[in-house]
Amino acid sequence: MKLALYRKYRPTQFSDVVGQEDIVTALRNQIAAGRTGHAYLFTGVRGTGKTTVARMLAKAVNCPNTRDGEPCGECEICRGIDSGSILDVTEIDAASNNKVDDVRDLLDETSYTPVICRMRVYIVDEVHMLTMQAFNALLKTLEEPPQHVMFILATTEVQKVPATILSRCQRFDFRRIPEELIAGRVRYVADREGISVTDEAASLIARLADGALRDALSLLDTCASLDGNVDEEVVKRLAGVTDRGYLFDLAGCIRNRDITGALGIVSELYNNSMDPVRLLPELIRHYRNLLMVRVGKITLNDCSSDMQRRYEEVSADYSEEEILDCLDVLSEASDRMARSLDREITLELAVIALAGGRGTGRKRDISSVLGSGSGQKERPKTGIHDAGPAVKPERTSETRREEVFSDAAQNADADAGSSDIGSEVVMDTAPAAGRSAGILDRWDDCVAEIREKNRTLGALLKNSVAHLTETHLLIDANPMAIKFIRDNEDSRTTIKEAVASVTGLRLPVGPWRDSSKKEKEEDDDGLDEFLKMAEEAGVEVERG
């Protein structure tokens, strides 16, 4: 059976590894100096060489003929590890061997000395898939293994590995391999295999691989199976992509509010096997390129000179606010797509939203996102209904509103002007009443995120409204919610973090309610309402 190219050309020496020079240099120095550790953690995206380097490390610590930390590759041990015939080096797939009993069986073996090698080496791939019980079983042995044992853990999701495991390992982060290095490796393999590949095709393969050399060689293998001559059109056809001009056509329809035309392009791309999971990131990157060129005349690494000029020409038709709003909509669609059962509909809805009017620019200063030249960031004005300039409304018995976090705030005269709260959250002093710039229209999303972190607080904020002033986020909620927020610093922090996550705004939090409701609220402390909402949220609260 034909050996896949990525297996045939898998590096067997540290010097052959592409794009991870710092890591292999550090490992070679450790081996040459005899200072290797007992546990290593290799983390990074797929196809960047984690398992390959783990095998090299296993060879290097056992090879009797190392030269400057490099295994010879010719002795019985090196050849045996390459072929998988030496049982002293064991590879385990934690995705299918993730139970505590699997780990205990492995640990039982560690008490036996090696048969041929100097060290028993256990390579645990996708270690994040282990259960918590399995991690706990591994913990003590990983900290103090026998002198003849080494563990090498590999993962693509290091955030799922417990901190107790991380603290016991030497960690090496494998970076995405640059496109130019991948393209060079593709041309090298093609030359060795007698495959005719154009520079444009090699560059496209490298871009589609997204930093993973293994993916690039797999795609080259697929394309070469057609007729042995690989050009850009062959790669596009077999990889399910088209010329990047479709991005300009689609963005043009969106800008011209041509919903029918935009959906027609999306439909045609689907018919040509374009996956929504790939199309959406491509569209996001397209608007990102427009923004980079529009803001800073930045040279785009993934574009030819002709494509760069086209981006420069088209970007002049956009304002920075328009591009940023388009990116907002597409980023929201990307989040939904990860949870959606029908990804095609998710993308179509995003296109309809953009072509229907969202993404026209909501007067957001670019410095609010990228930072101004002075290093100061202006407060973004996104996420609210524009209510015009912040002015103090006429004071009447029906419309006057005042802050109520403290007795001093409740008794303050609304005509006295704005109190100086400063940059920190102070819940017992309030700004002037009535200086609202608008209602935060994504407040429901903020409350949903708050509910994930604090069910009680989320229940209390049900049916609440958030107002935006020049300096504060003011919450109009029931009195029990106001009291709960006032008395709990953690709740205020939760609100601020949720608002920042959803809208990008970071503002002090304050209260807001109608003074006309004040007398009623003094008679009714809202206990019954609180208990009802707590019951709906599934939170048990004892009366009294």
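Return yes or no: is Thr131 polar (S, T, N, Q), touching a residue at least 40 places away in the same chain (Cβ under 8 Å), surrounded by 14 or more Cβ atoms within 10 Å (Cβ to Cβ) and in contact with a Lys or Arg (Cβ under 8 Å, 6 or more places away or on another chain)?
So Thr131 fails the test.
Report, by residue number, each residue of the stretch 460-475 that is closer than 16 Å to Ile450 by Cα and surrounded by fewer than 20 Cβ atoms within 10 Å (Cβ to Cβ).
Listed by number, the residues that qualify are Lys462, Asn463, Ser464, Val465.
Got at least one residue in the stretch 439-448 being assigned to a helix (DSSP H, G or I), of a type in the set (D, E, K, R), under 18 Å from Ser501 (Cβ atoms) and out of contact with any Pro (no Cβ under 7 Å at 6 or more places or on another chain)? Give the steps one after another, and end with the answer.
So the first thing to find is which residues in the stretch 439-448 are assigned to a helix (DSSP H, G or I), and the list is 443-448.
After this cut, where a residue has to be of a type in the set (D, E, K, R) as well, the list is 444-445.
Checking which are under 18 Å from Ser501 (Cβ atoms) leaves us with 444-445.
With the extra rule that they be out of contact with any Pro (no Cβ under 7 Å at 6 or more places or on another chain), the set shrinks to 444-445.
Within the stretch 439-448, one or more residues are assigned to a helix (DSSP H, G or I), of a type in the set (D, E, K, R), under 18 Å from Ser501 (Cβ atoms) and out of contact with any Pro (no Cβ under 7 Å at 6 or more places or on another chain).
If only one of Ala32, Ala60 is surrounded by 18 or more Cβ atoms within 10 Å (Cβ to Cβ) and either more than 14 Å from Asp173 (Cβ to Cβ) or under 38 Å from the mean Cα position of the chain (by Cα) (or both), which one is it?
Details: Ala32 fails: surrounded by 18 or more Cβ atoms within 10 Å (Cβ to Cβ).
Exactly one of Ala32, Ala60 is surrounded by 18 or more Cβ atoms within 10 Å (Cβ to Cβ) and either more than 14 Å from Asp173 (Cβ to Cβ) or under 38 Å from the mean Cα position of the chain (by Cα) (or both), namely Ala60.
Under 7 Å between Cβ atoms, at least 6 apart or on separate chains: pull out the pairs that start in the stretch 272-285 with a residue that is in the same structural domain as Val329 (by TED's automatic domain parsing) and end on any residue that is part of a helix (DSSP H, G or I) and of a type in the set (Asp, Glu).
Within 7 Å, the pairs are Pro276/Glu344.
Taking only pairs six or more apart or across chains, which ones have beta-carbon atoms under 6 Å, a first residue in the stretch 57-75 that is assigned to a strand (DSSP E or B), and a second residue that is modelled with pLDDT under 90 and loosely packed, with under 12 Cβ neighbours inside 10 Å?
From residues that are assigned to a strand (DSSP E or B), there are no pairs.
Within the bounds of the stretch 36-50, is there any residue that is touching a Lys or Arg at 6+ places or on another chain (Cβ under 9 Å), in the same structural domain as Val89 (by TED's automatic domain parsing), farther than 27 Å from Gln159 by Cβ and of a type outside the set (D, E, K, R)?
Kept after step one, since they are touching a Lys or Arg at 6+ places or on another chain (Cβ under 9 Å), are these residues of the stretch 36-50: 38-49.
Within this subset, residues satisfying the condition of being in the same structural domain as Val89 (by TED's automatic domain parsing) are 38-49.
Subsequent filtering for residues that are farther than 27 Å from Gln159 by Cβ retains none.
No: zero hits.
Do you know which residues across the stretch 229-243 are modelled with pLDDT of 85 or more and exposed (fewer than 14 other Cβ atoms within 10 Å of the Cβ)?
Within the stretch 229-243, Asn229 is the sole residue that qualifies.
Would you pick out the residues in the stretch 313-330 that are surrounded by fewer than 14 Cβ atoms within 10 Å (Cβ to Cβ) and either part of a helix (DSSP H, G or I) or of a type in the set (Asp, Glu) (or both)?
Glu313, Asp317
With (1) in contact with a strand residue (DSSP E or B) (Cβ under 9 Å, 6 or more places away or on another chain); (2) of a type in the set (Ser, Thr, Tyr); (3) over 20 Å from Gly44 (Cβ atoms) as the list, and Ser96 as the residue in question, which single condition is left unmet?
(1)
The values are calculated or read from the model by the stated rules, or taken from the named source; none is laboratory data. This structure is a prediction, so every number in the text was calculated from the model and none was measured. As a convention, Cβ positions derive from the backbone with ideal geometry for all residues, glycine included, and neighbour counts pool all protein chains shown.
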